[in-house]
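Structure incoming, see below.
Just so it is clear, none of the values below were taken in a lab; they were calculated from the coordinates. No experiment lies behind these values; they were computed from the predicted model shown. As a convention, Cβ positions derive from the backbone with ideal geometry for all residues, glycine included, and neighbour counts pool all protein chains shown.
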C-alpha cells in the first residue's frame, strides 16, 4: 500500500512554475532518493509533501491524510510526517533533550516522563545519548543534524523527509549523518531523501527519482538507474560532474 | 519670602519621586500589555489587524507625548470626562509606552529566524504553540536591551506630566526652587534622584542579559 501518493502536483512561485505536474508513489518501508540539479524542483516537491509549500493543482496524500488548505488537516498530517532540513533549525533556547521533548509534549500530549523516554530513545538511535543536557550551540554540525533527526523521530512519524540534510556539512561530518540515515532505512522507515550524495543514494535507496525542469524525468531501482541511465539528461547529470 | 533648602524641602523633592515611579510602573504595566497585543497584531496573518496596529504605532510615535497628555486631560474634560491629572497622566503615558513597546517588540518577534517558524510548524505545533514555546522565548532575549533602554527614557519622560499639575519629581524640584531660589542645589538633587532610579535599571538589564545567555555560545 502506498504511504505517499502524489498526483499531478503543480506549484508556482508567481510566474515561475517549479513543479509541472508531478506524480509519484512511495510504498511502506521504501527508501526513495530524489536527485537532480539545483532548481529542478526536488526540494520544493519534498516541502509540498508536508504542506510547507501550498500547491496550485493536484493531490497529495501522505500516511492516509489528504493535503488541503485547512490548518487542522495539515497538523494531523505533520504528526505523521517528519522533515529534516539542511540547516538543522534546532531551537537554540532549549537544551537538546527539551528540543526533542517539546512536540511530543505539546502536540501529542505526552507526559514529561513519556517525552523524556522518547528523547532518550531517539538520541540513542542517532548515537547521541550523552548529549541530552547539551545546548544546541555546543554541538558540531553533524551532531546538530542528528539531534534534528532525533527530534523528528520522537513524533514517531510514518514517513520521514530529508531535505539535503548533509549539504551544509563537511565530508567528515557527512559520514556520521549518512550512517544515521542508513540505520533508519534498515529499521524499515519510509524515507524520501533529496540528496547530492550519489554514492549514498545508489547504495541505500531502493529507488531513485531524477527530477528535471519540474518533472520526474526518469526513475527506477537505484542500482539500475545509476549504472544504466536511459535518458540523455540523466546521463549528462551523472557524468558531467554537474551538481 | 525665600526659604532655605533644608531637610524638609529635600525630603519633599526626594519623596515626590514616588509619583515618578508610580507613573513609570503604570505606563509600563498598561502600556506593556497593550504594546504586547499591538506587537502580536502587527505580525498577525490578518491584514486588518496589521493595519490597525501599524496605524496605532504611527499615531503614537508621530505625536508628541505632550499632545497625548493635553488630549486626555483637557480634551476629555471638554467632552465631559473630567479626569484627575494623575489618571490623565497615567493614560497618556500608557498610550505612549504601548506605541513604542509595540514597535520594539514587533522587531524582536520578527528577528527570530523564519526557519524557527518552519521547524516548529513541521513538528505540528499550532500557531499559538509556536509563539508560546519557540518564538516568544527567543524574542524575549532579544527584547531585553531595547526594552530597558525605553524604560529609562520613560522614567525621564514622566517629567512631562508636571505640565498638568502632577507633582512628581521634576515638578517638586520646580516648586522647591521657586521657594528657595537655589537652582543648582535643587536641580542637582533632582538629577541625582533620576540617576538613582535609571542607573540600577541599566545595571539590572546587563545582569539579566548575562544570565539569559548562560550555557549559550551565541
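Roughly speaking, what is the centre-to-centre gap between region B:35-62 and region A:143-173 when only Cα atoms are used, to the nearest Å?
Cα centroid to Cα centroid, the span is 38 Å.
Roughly what angle does helix A:71-80 make with the longest principal axis of chain A, taking Cα atoms, 0 to 90 degrees, to the nearest 10?
The answer is roughly 80 degrees.
Between residue B:128 and residue A:27, what is the label-point separation in nm under the 7 Å Cα-to-beta-carbon projection?
4.4
How big is the Rg/Rh ratio for chain A, C-alpha atoms only, Rh by Kirkwood, two decimals?
My calculation puts Rg/Rh at 0.97.
How big is the Kirkwood radius of region B:15-164, worked out from every pair of different alpha carbons and given in Å to one decimal?
Result for region B:15-164, one decimal place: 16.5 Å.
Once R0 is set to 60 Å, what does the formula 1/(1 + (r/R0)^6) return for the Cβ-Cβ distance between residue B:77 and residue B:115, expressed as a FRET efficiency to the nearest 0.05?
0.70
Looking only at B:114, B:19, B:56, which one moves most when chain B is put into a Gaussian network model with springs between Cα atoms under 10 Å?
B:114
Checking the a/c ratio against 1.5 first, then a/b against b/c, what shape does the Cα gyration tensor give for region A:162-243? Kindly include the intermediate steps, with their values, before the conclusion.
Values: a/c = 1.96, a/b = 1.46, b/c = 1.34.
Cα axes put region A:162-243 in the prolate bin.
At q = 0.22, 0.25, 0.31 Å⁻¹, what log₁₀ I(q)/I(0) does region B:120-178 have when each alpha carbon counts as one equal point scatterer in the Debye sum?
-0.84, -0.93, -1.10
Top mean-square fluctuation among A:117, A:33, A:15, Gaussian network model of chain A, C-alpha springs under 10 Å?
Most flexible of the set in this elastic network: A:15.
Hey, any idea what the orientation-averaged projected area of the convex hull of region A:1-98's Cα atoms comes to, in nm²? Intermediate results must be reported in sequence, preceding the final value.
On the way: hull surface 31.4 nm².
Computed as one quarter of the Cα hull surface, the answer is 7.9 nm².
May I pose another question? Would you calculate, for chain B, the mean residue ellipticity at 222 nm contributed by helices, counting each DSSP H stretch of 4 or more residues as -39,500 (n - 2.57) and dividing by all residues, to the nearest 500?
Using -39500 (n - 2.57) per qualifying helix, the result is -24000 deg cm²/dmol.
So how far, in whole Å, is the C-alpha centre of region B:114-152 from the one of region A:207-232?
Region B:114-152 and region A:207-232 have Cα centres separated by 42 Å.
If one takes the longest principal axis of the Cα atoms in chain B, at what angle in degrees, from 0 to 90 and to the nearest 10, does the Cα axis of helix B:17-42 lie?
Approximately 20 degrees, to the nearest ten.
In addition: Please give the helix A:141-153 orientation as an angle from the longest Cα principal axis of chain A, in degrees from 0 to 90, rounded to the nearest 10.
Between helix and principal axis, roughly 90 degrees.
Output the relative contact order of region B:15-164, whole-number percent, from Cα pairs under 8 angstrom with separation of 6+ residues.
After rounding, I find 33 percent.
Something else about it: How far apart, in nm, are two points set 7 Å out from the Cα along the Cα-to-Cβ line at residue B:66 and at residue A:235?
8.3
Can you figure out the FRET efficiency of residue A:140 with residue A:203, using R₀ = 22 Å and their beta-carbon distance, to the nearest 0.05?
With R0 = 22 Å, the Cβ-Cβ based efficiency is 0.35.
So, one more: At 222 nm, what helix-only mean residue ellipticity would chain A give, in deg cm²/dmol to the nearest 500, using -39500 (n - 2.57) for each DSSP H run of four or more?
-11500 deg cm²/dmol
At a Förster radius of 30 Å, what calculated FRET efficiency corresponds to the Cβ-Cβ distance of residue B:206 and residue B:167, to the nearest 0.05?
Details: r = 33 Å, r/R0 = 1.09.
Calculated transfer efficiency: 0.40.
Just the Cα atoms of the protein assembly as shown: what Rg and Dmax do they give in Å?
Every Cα atom of the protein assembly as shown included, Rg and Dmax give 30.2, 108 Å.
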